[in-house]
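Novice: Below are the structure tokens for one structure; questions will follow.
The values are calculated or read from the model by the stated rules, or taken from the named source; none is laboratory data. Keep in mind it's a predicted model, so treat the numbers as computed, not measured. Glycine also receives a Cβ, built like all others from the backbone with ideal geometry; neighbour counts cover every protein chain displayed. Protein only, heavy atoms only, side chains kept; ligands, DNA and RNA dropped before computing areas. Shrake-Rupley method; radii C 1.70, N 1.55, O 1.52, S 1.80 Å.
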Amino acid sequence: QHYGWREVFLVNVPIGIIAIPLLIWQSRANGLLRAPTRTNSRPLDLAGSGLFAGAIVCVLLALTFLGDDPDLISSPLFWGLFAGGLTFLILFIRHEKRTIEPVIDLSLVTRHPFLVVNLYNFAFGACVFGCFTFIPYYASVQYGMSPLESGAVLTPRSLTMIVMSAVTSIFIIRLGYRIPMVLGMSGMILSMLIIGQGWDQLSLGPLALGPFGILAMTVGLSGIAMGLIMPSSNNAALDLLPERVGVIAGLRQFFRQIGGMIGTAAIVVALSLSPDKAAGIRSIYTTLGLLLIVTIPLAFLIPDSAREKRQSSAAAPAPVPRSERAPA
């Protein structure tokens, strides 16, 4: 069932009103909320946060309205919201350049190699986070699976991702960051292209797979790909500026979440414009898989500091045993 923004608003806002006071109460009970002891506290960039939030809200509202009514694409409301989002974004950038304590350090957004990392994370969030949110929906409209089957088909992804993430983390210095990132993105692209085919049967030697087996195998492949990507890309970003790990981690998650939100909204709009939902979702997976190819050259532009560490440690002279040292 398709829910509009009004239904989403009416469901989520009351939950938030109830949940936020409970979280504050629980945090105070556990001693997590204390008065700050620092005397050199920095002012919060509320203006910058508000301007950026305004830009995102305008764009998401425009996409949501378009998903509810495709005829709005020619209306002043749709383009006015996009213009409002662009205006808020321009004002946000101007404000961040002038304020003393910006909510986002623009030098860590537009300067190489941070620009490449941010583009990589945005594309990853838009194509992967948004895309795999719709796996249960795809299983339902493409194969007619029940809610139990469409939910169970996600299990292989979680299992393979946990195992592969552990293996990648163990060997990440030996492999470097670039190889797992490229292999993982290649596996992700392959899994999305396979999903986009909508195959009903697949034979692997003596093994014949039906719709559930095909989708479970493909989702498991995406879990392997995620297990390769996440540890390597996360550490590659953090090694760019080790003295500001918190800032880099926040920017990494920020661009992934923004990409995921915009990607999800764009998928909903594309599905709303498609008369055949099954064909529409297949085309979406194929298109996003092809778009994800741009992340592979981006991976080669991200410094592979793990490889550099391995090479420097291998080139370092071995320590001379005490018994072989020359007498003083």
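Novice: Return the only residue of 51, 61, 86 being modelled with pLDDT of 90 or more and crowded, with 17+ Cβ neighbours inside 10 Å.
Specialist: One residue alone meets the criteria, 51.
Novice: Any residue in region 96-119 that's free of Cβ contacts under 8 Å to residues at least 60 places away in the same chain: show its pairings with residues that are of a type in the set (Lys, Arg) and part of a helix (DSSP H, G or I) at Cβ separation under 7 Å, as long as the two are six or more apart or on different chains.
Specialist: Listed by first residue and then by second, the contacts come to 106/97.
Novice: If residue 217 meets every condition in (1) outside any loop (DSSP other than H, G, I, E, B); (2) surrounded by 19 or more Cβ atoms within 10 Å (Cβ to Cβ) apart from one, which number is that one?
Specialist: (2)
Novice: Tell me the residue from 207, 175, 159, 193 that is open to solvent by 20 Å² or more (accessible area, probe 1.4 Å), in contact with a Ser or Thr (Cβ under 8 Å, 6 or more places away or on another chain) and under 30 Å from residue 278 (Cβ atoms), please.
Specialist: Step by step, each of 207, 175, 159, 193 is checked, and only 193 is open to solvent by 20 Å² or more (accessible area, probe 1.4 Å), in contact with a Ser or Thr (Cβ under 8 Å, 6 or more places away or on another chain) and under 30 Å from residue 278 (Cβ atoms).
Novice: Can you tell me how many residues in region 122-156 are exposed (fewer than 14 other Cβ atoms within 10 Å of the Cβ) and assigned to a helix (DSSP H, G or I)?
Specialist: Residues in region 122-156 being exposed (fewer than 14 other Cβ atoms within 10 Å of the Cβ) and assigned to a helix (DSSP H, G or I): 4 in total.
Novice: When only residues in region 89-120 that are open to solvent by 20 Å² or more (accessible area, probe 1.4 Å), assigned to a helix (DSSP H, G or I) and charged (D, E, K, R) count, which is nearest to residue 252 (Cα to Cα)?
Specialist: My answer is 97.
Novice: Between residues in region 273-297 that are of a type in the set (Val, Ile, Thr) and residues that are open to solvent by less than 40 Å² (accessible area, probe 1.4 Å) and outside any helix (DSSP H, G or I), which pairs lie under 9 Å by C-beta distance while being six or more apart or on different chains?
Specialist: From region 273-297, the pairs are 281/134; 281/198; 281/274; 284/134; 284/274.
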